[in-house]
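The values are calculated or read from the model by the stated rules, or taken from the named source; none is laboratory data. Since the model is a prediction, treat every value here as computed from it, not as a measurement. Virtual Cβ from ideal backbone geometry, glycine too; neighbours counted across all protein chains shown.
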């Protein structure tokens, strides 16, 4: 399973992988190990929900680190990531856009 095989040598796990700064200038940093742990957590959550490879997972978030970490987690679970943006929430006429509903068990 992809979740159990590190693709990065242990010596690089603590290296800086992502720097994100908000509009007020506050920065957050993530190491490669942070990204691995956080994305694995999301992947395991999706798998425990019963999602199967090839199923679609929609991500509706601003462009913040959690979007990118979630995207990686979705891919690690073998599912398909579909980012959604607020522009798709409603059309000008006020009707919701046409998208498939959630999977029913």
Taking residue 84 and the conditions (1) exposed (fewer than 14 other Cβ atoms within 10 Å of the Cβ); (2) modelled with pLDDT of 90 or more; (3) touching a strand residue (DSSP E or B) at 6+ places or on another chain (Cβ under 6 Å), which numbered condition does it fall short on, given that it satisfies the others? (2)
Restricted to the range 43-53, and to residues that are surrounded by fewer than 17 Cβ atoms within 10 Å (Cβ to Cβ) and modelled with pLDDT of 95 or more, which residue is nearest to residue 33 (Cα to Cα)? 44
Return the pairs, sorted by first residue and then second, in which the second residue is in a loop (DSSP other than H, G, I, E, B), the first residue lies in the range 48-74 and is under 29 Å from residue 21 (Cα atoms), the beta carbons are less than 6 Å apart, and the residues are 6+ apart or on different chains. 57/79; 67/61
